[in-house]
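*Asks:* Let me give you the structure first, and then I'll get to my questions.
The values are calculated or read from the model by the stated rules, or taken from the named source; none is laboratory data. Please read all numbers here as calculations on a predicted model, not as lab measurements. Virtual Cβ from ideal backbone geometry, glycine too; neighbours counted across all protein chains shown. These area figures cover heavy atoms from the full protein model, side chains too; ligands, DNA and RNA do not enter into them. Shrake-Rupley method; radii C 1.70, N 1.55, O 1.52, S 1.80 Å.
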Amino acid sequence: MFKISATPKDDAMCGWYHTAPARQAKPAHAGEKHTRWTVLGAGFTGLAAARQLALNFPNDEVVLIDAQEVGFGTSGRNAGFAIDLPHDIGADDYIGDIDIARTTLKLNRLGQTMLHTLVKEHGIDCHMRPSGKYQAAIEDRGIAVLEAYRRGLDKLGEPYEVIAGKDLPRHIGTAFYRQALFTPGTMLLQPSALVKGLADSLPSNVKLYENTAITEVEYGDKVVLKHKQGRIVTDKLILANNAFGARFGFLRHTVLPMYLYASLSRPLTGAEQAQLGGKDFWGVIPADPYGSTVRRTHDNRILMRNSFSFNPRQQSRPDCLERFAHNHRQSFERRFPMLPEVGFDYTWSGSLALTQNHKGFFGQLAPNVYGALFCNGLGVTRGTVTGALLADLIAGKRNELIDFLVADSGPNTLPPEPFLSIGVNATLWWGQRKAGLES
Ligand SMILES: Cc1cc2nc3c(=O)[nH]c(=O)nc-3n(C[C@H](O)[C@H](O)[C@H](O)COP(=O)(O)OP(=O)(O)OC[C@H]3O[C@@H](n4cnc5c(N)ncnc54)[C@H](O)[C@@H]3O)c2cc1C
């Protein structure tokens with residue numbers, strides 16, 4: 001048996017989880033179960049993979065397992081941007097190779113359409129709306145990023161609008177930013193409500209077990225998954241557990257377990273909404289990758305997302321939560337001086353799988369083991385589409401998008417410790433410092 005050296009245990013204060021409609025979690029697994037298919041991880045990727053496998057193999061049962069409750073893990077902890085456009089931060093114009101960018105756009109749009117269709121079909125109450133996104137800058141470096149991204153969008157033939165700082169209060173209330181680039185294709189949503197709704201609308205041949213952390217695995221003709229109350233013996237295993245996938249013996253030294261931090265304010269009163277002005281539902285992403293993501297939500301709260309930490313043990317860190325809640329407060333005050341009385345109801349962290357070359361893994365890992373792993377911070381759309389397409393690949397289907405994903409070189413190998421930790425921590429420190437007012 002191969003021991004899994006870390007399992008997820010997120011902090012308790014995710015605002016999206018607590019403000020989403022309540023749902024009854026499915027019971028944990030107990031005893032012994034034999035099955036043909038097991039999908040590990042019930043976030044965006046695993047939910048999509050299990051759903052599509054169940055449709056591809058309607059006579060089989062598909063087991064879907066998560067260590068925590070659906071909506072409590074990273075898929076319920078993000079900023080809720082279902083983004084269509086590619087954004088290659090390694091390229092000068094953020095678009096890079098035009099063929100790769102065009103295919104990435106198709107993948108993202110397919111993921112977005114899959115989610116939107118399910119939301120409509122099942123009436124999932126997650127406030128998913130086509131709202132576009134503002135990429136906003138305050139520092140000179142940020143303005144230069146917007147300029148470069150405009151060139152990239154021209155190359156890709158995608159529409160955008162440049163909004164001068166003086167006009168931004170009409171859109172987002174605050175006069176803080178100098179410029180923004182509005183792109184219309186993003187949908188904003190309540191991520192925990194969405195994944196809870198996806199879990200409750202799975203095909204009837206998906207058997208979901210929550211609060212079932214797999215702690216040991218044995219590979220062979222069958223794959224044996226052990227947990228504290230029993231075991232699951234499966235013909236095929238699909239790993240959809242993001243950064244934790246690297247704990248299952250594959251793709252070692254390829255993923256950086258990063259944690260990101262967010263806070264959600266209390267709802268604004270009617271008078272505060274009037275003080276703020278602007279539209280009633282919007283999302284801003286920063287020009288600088290170390291800057292702040294900000295949203296005004298359907299229930300008139302403000303979300304602030306900034307600050308990273310490198311957590312090689314893959315456990316949330318209370319010391320960072322406290323420190324970064326303070327960063328969120330300062331970032332909020334800079335942007336919203338007209339809302340001095342508005343405090344945060346929730347501050348939380350979420351695990352993120354980053355790779356050095358920003359590539360994920362898609363395909364077969366070993367006999368009877370497949371994976372769609374490492375979403376590099378864009379898992380709402382990308383996780384959904386790669387999960388579904390992996391289920392199609394397993395069913396023997398091929399198309400342009402599957403061929404593209406299969407041909408991808410995947411993540412590269414990271415430097416060894418202690419160089420890795422030293423390098424990552426220094427990069428984070430410097431990045432967060434030079435983000436300046438954008439943080
Ligand atoms: C603060 C923050 C903001 C973000 N903002 C955005 C955004 O706006 N848009 C966007 O697209 N992305 C965003 N992301 C990234 C996005 O949340 C992820 O890319 C996405 O959740 C990946 O989905 P996934 O299903 O692949 O993995 P996850 O959501 O990580 O799901 C994997 C699941 O596997 C389970 N698991 C792991 N190990 C085991 C085990 N041993 N046994 C059983 N279960 C296990 C976990 O509990 C987890 O539920 C953000 C992330 C954070 C943290």
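*Asks:* Can you name the number of the only condition in (1) in a loop (DSSP other than H, G, I, E, B); (2) without any contact (Cβ under 8 Å) to a residue 60 or more places away in the chain; (3) open to solvent by 30 Å² or more (accessible area, probe 1.4 Å) that GLY96 fails?
*Replies:* All conditions are met except number (3).
*Asks:* Of everything in the stretch 251-267, what is in contact with a strand residue (DSSP E or B) (Cβ under 7 Å, 6 or more places away or on another chain) and not β-branched (Val, Ile, Thr)? Give them in sequence order.
*Replies:* Within the stretch 251-267, LEU251, LEU256, PRO257, MET258, TYR259, LEU260, TYR261, ALA262, SER263, LEU264, SER265, ARG266 qualify.
*Asks:* Shifting gears a bit: Of all residues in the stretch 2-22, which are surrounded by 15 or more Cβ atoms within 10 Å (Cβ to Cβ) and closer than 21 Å to ASN241 by Cβ?
*Replies:* Correct list: ILE4, ALA6, THR7, PRO8, ASP10, ASP11, CYS14, TRP16, TYR17.
*Asks:* Taking interchain pairs and intrachain pairs at least six residues apart, which have beta carbon atoms under 7 angstrom, with the first residue in the stretch 37-60 and under 18 Å from VAL233 (Cβ atoms) and hydroxyl-bearing (Ser, Thr, Tyr) and the second open to solvent by less than 20 Å² (accessible area, probe 1.4 Å) and more than 12 Å from the ligand (Cβ to nearest atom)?
*Replies:* Correct list of pairs: THR38/THR234.
*Asks:* A further question follows. Where residues in the stretch 262-289 are over 26 Å from the mean Cα position of the chain (by Cα) and either within 16 Å of the ligand (Cβ to nearest atom) or hydrophobic (A, V, I, L, M, F, W, C) (or both), which of them is surrounded by the fewest Cβ atoms within 10 Å (Cβ to Cβ)?
*Replies:* ALA271
*Asks:* Which condition from (1) open to solvent by 40 Å² or more (accessible area, probe 1.4 Å); (2) in a helix (DSSP H, G or I); (3) hydrophobic (A, V, I, L, M, F, W, C) is the one that ILE89 breaks?
*Replies:* (2)
*Asks:* For the stretch 324-439, which helices (runs of 4 or more DSSP H) that fit wholly inside it have 1 or more residues that are free of Cβ contacts under 8 Å to residues at least 12 places away in the same chain?
*Replies:* Passing ranges, in order: 400-407, 419-434.
*Asks:* Here is a follow-up. What do you reckon, is ARG252 open to solvent by 30 Å² or more (accessible area, probe 1.4 Å) and within 11 Å of the ligand (Cβ to nearest atom)?
*Replies:* No: the conditions fail for ARG252.
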